[in-house]
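See below for the structure under consideration.
The values are calculated or read from the model by the stated rules, or taken from the named source; none is laboratory data. What you are looking at is a predicted structure, and each value in this text was computed from that prediction instead of being measured. Here Cβ is always computed from backbone atoms with ideal geometry, including for glycine, and neighbour counts include all displayed protein chains. We work out accessible area using only protein heavy atoms, side chains counted, and drop any ligands, DNA or RNA first. Shrake-Rupley method; radii C 1.70, N 1.55, O 1.52, S 1.80 Å.
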Amino acid sequence: MRTVGIVLAGGQSHRFGEPKALQHWKGKSFLTYSIDALQPSVDEIVVISHLKELVHLPGVVVREDLEEYSGMGPLAGILTGMEASAGDWYIVLPCDVPLVTNEIIMKIVGRVEENVDAVVPIVAGRIQPLFACYHKSVKEKLGLLLQEGKRSMKGLLSLCTVAYVKEERLGIDTQAFVNVNTKEDYMNLP
């Protein structure tokens, strides 16, 4: 089974005020935390970003959204990652979760089973579709949604057979799912 990591680092970061992927915390960029967490579990990592600073990022493939879907959000980013690297399963992470660890990723990947299109955690009652695993079969669904101008992650999940896994079943610290959207969030990191 070939597994590819997709890090979504293309958001505009309006609420944060500057690109979150480049923000540093405890000596590393937010993006580096996501890459480091994925590295032991995947065959390749694809970073989706428009940031020119990331063009020559060592050890990973960096891509901008496919031209026809540029700026269409996470669905476009995930499809771009799937197009950039062939895999059986794709582990998707945002770039703004500096508390993520490989242990957590492995627990989610451990829930992959036959006859599902996705494994999506539910943390504190909230579905985490940008911190999830997607089967290669999802690629066609992504393309269809984007061709129709649809951008909703919930819309994608409604077309998929999803294994939802609550945090209790994963036995994980919910802090790992804290994503940094504002400077206040950043200041509150442990």
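Springs join every pair of Cα atoms under 10 Å in this Gaussian network model of the chain, and among SER29, SER41, SER158 the largest mean-square fluctuation is at SER158.
Are there any helices in the chain, counted as whole DSSP H runs, that stretch 24 Å or more along their axis by Cα and score at least -0.5 on average by Kyte-Doolittle, and if so which? Walk me through the intermediate numbers first.
Values: long enough: none.
Both cut-offs are met by no helix.
Normalised by the residues of the chain, what does the relative contact order come to in percent, with Cα pairs under 8 Å and at least six apart? Intermediate results must be reported in sequence, preceding the final value.
On the way: 358 pairs, mean separation 46.6, N = 190.
After rounding, I find 25 percent.
Hey, with R₀ at 25 Å, roughly what FRET efficiency would ASN102 and ILE127 work out to, going by the Cβ-Cβ distance, to 0.05?
Numbers: r = 22 Å, r/R0 = 0.89.
It comes to 0.65.
Report the calculated FRET efficiency for LYS154 and HIS56 (r = Cβ-Cβ distance, R0 = 41 Å), to the nearest 0.05. Approximately 0.70, to the nearest 0.05. Accessible surface computed residue by residue for segment 48-166, with neighbouring protein chains in place and a 1.4 Å probe, gives 48 Å² per residue.
Using the Cβ atoms and a cut-off under 11 Å, what net charge is assigned to the surroundings of LEU99, where Lys and Arg are +1 and Asp and Glu are -1? The partial results should precede the final answer.
Values: positive: LYS26; negative: ASP96, ASP173.
Net local charge, LEU99 excluded: -1.
Would you please put 30-37, 60-67 in order of how densely packed they are, using the mean number of other Cβ atoms within 10 angstrom per residue and starting with the highest? Intermediate results must be reported in sequence, preceding the final value.
Values: 30-37: 22.2, 60-67: 16.2.
Top to bottom by mean Cβ count within 10 Å: 30-37, 60-67.
Gyration tensor over the Cα atoms of segment 1-96: the corresponding equivalent ellipsoid has semi-axes (square roots of 5 times the eigenvalues, largest first) of 20, 17, 10 Å.
To put it simply, the accessible area of segment 43-172 at a 1.4 Å probe is 49 percent carbon and sulfur. Max-minus-min Cα coordinates of segment 123-190 on each principal axis give 41, 30, 19 Å, with the largest extent listed first.
How much mean residue ellipticity at 222 nm does the chain get from its helices, if each DSSP H run of length 4 or more adds -39500 (n - 2.57) and you divide by all residues, to the nearest 500 deg cm²/dmol?
On the way: 7 runs with 53 residues, N = 190.
Computed mean residue ellipticity for the chain: -7500 deg cm²/dmol.
Contact order for segment 13-96, expressed relative to its length and based on alpha carbon pairs under 8 Å spaced 6+ residues apart, stands at 28 percent. The distance between label points at ASP43 and MET187 comes to 4.6 nm (points 7 Å beyond Cα on the Cα→Cβ vector).
Given LYS26/LYS154; LYS28/LYS52; LYS26/LYS183; LYS26/LYS107; LYS154/LYS183; LYS28/LYS154, which pairs have Cα atoms separated by over 23 Å?
The pairs that break the limit, which is 23 Å between Cα atoms, are LYS26/LYS154; LYS26/LYS107; LYS154/LYS183; LYS28/LYS154.
Here the label points at ALA86 and ARG15, each 7 Å from Cα along the C-beta direction, are separated by 3.9 nm in the simple model.
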